[in-house]
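Chemist: The structure under discussion is supplied below as structure tokens; questions concerning it will follow.
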Amino acid sequence: MRNFNSKELEMNRIWSKLLLESSTDGIHILDMDGNLIEWSPSFIQMLGYSEKEAQNLNVKDWDIIYSSEEITTMINKISTSDKMTVETRNRCKDGVLIDVEITTKPIILEGNTYIYASARDITQRKKMENELHKLSQAVDQSPVSVVITDLDGTIEYVNTTFECTTGYIKDETIGENLRFLKSGKTSKKTYIEMWAFITHGKTWHGELINKRKDGSEYIEAMKVAPIFQSDGHISNYMAIKEDITEKKQAEEHLQFLANFDPLTGLPNRRQLEHRTDYALKLAKRNNETFAIMFLDLDHFKDINDALGHKAGDMLLVEVAKRFQSVLRDEDTVSRLGGDEFVFLLPNSDSKGIIHVVNKLLHALAQSFSFDQYELIITASIGIAVYPSDGTDHQTLSKNADAAMYRAKQNGRNNYCFFTQAMQSHTSRNLQLSNALHNALDRNQLRVVYQPQISALDGQIIGAEALVRWTHPEFGDISPVEFIPLAEENGLILPIGEWVLRTAVQQAKHWIQSGFRPISIAVNLSAVQFRHPDLPQLVVKILNEAGLPPEYLDIELTEAVAMHNPNLACAIMDTLHHHGIRMSIDDFGTGYSSLSYLKKFKVHKLKIDKSFVRDIHTDPEDKAIVKAIISMAHDLGLKSIAEGVETEDQLNFLRDQGCDEIQGYYYSKPLNADDLDIYLRERNIV
């Protein structure tokens, strides 16, 4: 080893000092015990110490700059290696830890070994690295796909979501062109637009239909942006892609629900209105006609009640298919709800409309099979034609609906064109229906009584209670007109209860007035009869008035009784148990089964006035009346004929053995006071 003279050593110290003072790195020298024996100003400044504070700092003892473990490790490695670089942390004077990169090397000075260390503050670098690491993790774990490509679209990076979405792993995608995901369903125009944007440094937003590894297609919303370098040129493209397949499907489903019936898939009311508005514009422009048709399935409720709503829904689906199969492409069939369908027939005249109607009715006439059931249904159709029956959607629909109800009234399983007479009828029905809501409270209703006479001796044996309505504006309104309205708008229950209570109280009043008891007959509507509280209500009213039940005769039409014979039997049995008598009204107009008639707890059959009217001239009416009277007697029942107006009618009925008579021949319906007089004149005491 070369020996330096004193002058050379001094020069070395000078040069060393100059190097230390001019170094930007934190150069420091430690002995093998860890004592800091020399340092550059930059090192002390990096740690926040002054020159004076740095004197005699023993890192090993004070645990200020390095930890004891770090010094021990450093000394051990120095003894076995020439040079090494490590990353560690130094503690500054204020206690803050900074990240440093230290390069160490053993040096020999004057025969002693020292550690030469060059420290560089890498705190900001480490911070940036940590931030980049976090950013990398965030991108990789992003809920949307992230792809980076070169300028040709070759993939250089994909994140985990991309793998999950497409089914391809990174190794299968890096180096591939992004076009390998194409499904062929995205238009070329979309790709041309995208490349035009990004090659000019603009960001592109759009939607693509791509294909996964398993072949399934998916829709993704994509944002593609160029990546600029510091000099301003584009080096890469980054695509952020979100799988919106489910979102799109949900939007399409909502759009479908907004415009189509979810059960049958037919256009709904909203869609029908749009198409009707379009048909109106065309018809006005071209001077054409078109039709709106309302179709309602007859007695569809019975199918739901008997077989359940699931079977009813299945039937509606099949009905919709049949309707679609017989219409033209330009026609529309819409389901508004329930069993109501509406048809729009553009550019159709009366002949064409009737042709379509017949095809629809014929399509329904073919039986429907569900499990073990074979169903045959019919429909009622109402037709309104533009422009004669209306020049807007609302008017045409209203008039077609009115025509459909007229078709039902005419016997169902047919069709009816709208007429102005229907419009007047509909308007009057609306007025009457509204007025009927206040009729009871305003004392516009009254009960009249028509005597029932014994055919044997001419004595009064009862009276039928009949409701009448006199309105201050419309005058006397026939029950034939307002009773159906009351059944439709739900007023029949309070009105029926009022009639029953009034009649029972009046019958009790006559008894208290000294008259011989007569029975009071009250007719029940179908709605009243099927109400579950009917027996309790009747018994309550009788008890309140104190009238013995045998003086009340409840009349039920044949049609109501036979609508649900089993239910009718159950209700009749309950009423019979309470001592209340029942009669079948309008007998002969329905389709009674004799097997059920035997089961009904009734004591009287009332012969409908339609058979009595021409009894002395019509052989068929004579035969029917004879048969009813004979059957009643064979079953142990009484018979009563209504609508008797002439002596010839009376004599024929007596000859056939009819038990009781009711009609204008004896008396028209009388109010309570007039019937009082009628009873007194005939000494009913």
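The values are calculated or read from the model by the stated rules, or taken from the named source; none is laboratory data. Here the structure is a predicted model, which is why all the values come from computation and not from measurement. Cβ: placed from backbone, ideal geometry, glycine included. Neighbour counts: every protein chain shown. Side chains are part of the model used for accessible areas, which takes the heavy atoms of the whole protein and leaves out ligands, DNA and RNA. Shrake-Rupley method; radii C 1.70, N 1.55, O 1.52, S 1.80 Å.
Chemist: Probe 1.4 Å, all protein chains in place: accessible area of Met314 in Å², nearest 10?
Modeler: Here the residue's solvent-accessible area equals roughly 90 Å².
Chemist: Also: List the residues, sorted by chain then number, that are 5 or more residues from Lys638 or on another chain and whose placed amide H is less than 5 Å from its amide H.
Modeler: Those lying under 5 Å, H to H, from Lys638 are Lys604, Leu605.
Chemist: Where does the longest stretch of the chain lie that holds no GluC sites (Glu not before Pro) found in a DSSP loop with 15 or fewer other Cβ atoms within 10 Å?
Modeler: Result, exposed sites excluded: 474-644.
Chemist: Further question on the same structure: Which is the longest stretch in the chain that no exposed loop site breaks, taking sites as chymotrypsin sites (Phe, Trp or Tyr not before Pro) with a DSSP loop state and at most 13 other Cβ atoms within 10 Å?
Modeler: 5-590
Chemist: Roughly what % of DSSP beta bridges within the chain run antiparallel, to the nearest 5?
Modeler: Once the DSSP bridges in the chain are tallied, antiparallel ones form about 80 percent.
Chemist: Is the C-alpha gyration tensor of the stretch 359-478 telling us rounded, prolate or oblate? Criteria: a/c under 1.5 is rounded; beyond that, a/b larger than b/c is prolate, otherwise oblate. Let's see the in-between values first.
Modeler: Working: a/c = 3.09, a/b = 1.46, b/c = 2.11.
Oblate, since a/c reaches 1.5 and b/c is not below a/b.
Chemist: Among Val357, Val539, what's the order by accessible area (1.4 angstrom probe), most exposed first?
Modeler: Highest to lowest solvent-accessible surface, that is Val539, Val357.
Chemist: Modelling each spin label as a point 7 Å along the Cα-to-Cβ direction, I'd like the Ile354/Asp152 distance in nm, to one decimal.
Modeler: 7.6 nm
Chemist: Continuing with this model, one more query. Asp305 accessible area, nearest 10 Å², 1.4 Å probe?
Modeler: My reading of the accessible area for Asp305 is about 100 Å².
Chemist: Right, another one. Given points 7 Å out from each Cα along the Cα-Cβ axis, report the Asp140 to Cys164 separation in nanometres with one decimal.
Modeler: Placing both labels 7 Å beyond Cα along the Cβ direction yields 1.5 nm.
Chemist: Using 19 Å as the Cα-Cα cut-off, could you pick out the over-long pairs in Lys52/Lys105; Lys321/Lys359; Lys540/Lys606?
Modeler: In this structure, Lys52/Lys105; Lys540/Lys606 lie more than 19 Å apart at Cα.
Chemist: Next up: Lys281: which lysines have alpha carbons under 24 Å from its alpha carbon, excluding same-chain residues fewer than 8 sequence positions away?
Modeler: Lys351, Lys398
Chemist: Now for a separate question. Just from its helices, what would the mean residue ellipticity at 222 nm be for the chain, if runs of 4 or more DSSP H residues each count -39500 (n - 2.57) and the sum is divided by every residue, rounded to the nearest 500 deg cm²/dmol?
Modeler: The helix contribution divided over the chain gives -13500 deg cm²/dmol.
Chemist: At a 1.4 Å probe radius, carbon and sulfur cover how many percent of the accessible area of the chain?
Modeler: Details: 18620 of 36590 Å².
For the chain, the apolar C and S fraction of the accessible surface comes to 51 percent.
Chemist: May I pose another question? Quick query: amide H of Gly663 versus all other amide H atoms, modeled in the peptide plane; which residues come in under 5 Å with a sequence gap of 5 or more or a different chain?
Modeler: Under 5 Å from the amide H of Gly663 lie the amide H atoms of Gly643, Val644, each far enough along the sequence or on another chain.
Chemist: Among Val644, His355, Pro535, whose Cα sits farthest toward the positive end of the charge dipole of the chain (+1 at Cβ of Lys/Arg, -1 at Cβ of Asp/Glu, about the Cα centre)?
Modeler: His355
Chemist: Per residue, how many Å² of accessible area does the stretch 256-345 show with a 1.4 Å probe?
Modeler: 48 Å²
Chemist: Estimate the FRET efficiency between Ile174 and Glu251 by the formula 1/(1 + (r/R0)^6), using the beta-carbon distance for r and 51 Å for R0, to the nearest 0.05. All intermediate terms of the calculation are to be shown ahead of the outcome.
Modeler: Details: r = 34 Å, r/R0 = 0.67.
Efficiency, rounded to the nearest 0.05: 0.90.
Chemist: Just list whichever of Lys310/Lys408; Lys189/Lys213; Lys83/Lys134; Lys301/Lys622 have alpha carbons separated by over 28 Å in the model shown.
Modeler: Lys83/Lys134; Lys301/Lys622
Chemist: On the full set of protein chains, 1.4 Å probe, figure out the accessible area of His616 and give it in Å² to the nearest 10.
Modeler: Rounded to the nearest 10, the figure is 90 Å².
Chemist: Need the full-extension length gain, Glu645 to Leu327, defined as separation in residues times 0.36 nm minus the C-alpha distance. One decimal, nm. Spell out each step's value before the answer.
Modeler: Values: separation 318, 0.36 × 318 = 114.48 nm, distance 5.41 nm.
Residue separation times 0.36 nm, minus the Cα-Cα distance, leaves 109.1 nm.
Chemist: Once you sort the root eigenvalues of the Cα gyration tensor of the chain as a ≥ b ≥ c, which label holds: rounded (a/c under 1.5), prolate (a/b larger than b/c) or oblate (the other case)? Each step should come with its number before you reach the end.
Modeler: Values: a/c = 4.84, a/b = 3.06, b/c = 1.58.
Taking the square roots of the gyration eigenvalues as a ≥ b ≥ c, the chain is prolate.
Chemist: Here's a follow-up. Can you compute the label reach from Arg212? Point 7 Å from Cα along the Cβ direction, backbone N cut-off under 16 Å, restricted to the stretch 145-170.
Modeler: Zone members listed by number: 145, 160-170.
Chemist: A follow-up question, please. Multiplying the sequence separation of Arg446 and Met631 by 0.36 nm and subtracting their Cα-Cα distance, what value in nm do you get?
Modeler: Gain on stretching Arg446 to Met631: 63.0 nm.
Chemist: Determine which residues of the stretch 91-110 fall in the zone a paramagnetic label at Gln124 would reach in this model, i.e. backbone nitrogen under 17 Å from the point 7 Å along Cα→Cβ.
Modeler: Zone members listed by number: 98-101.
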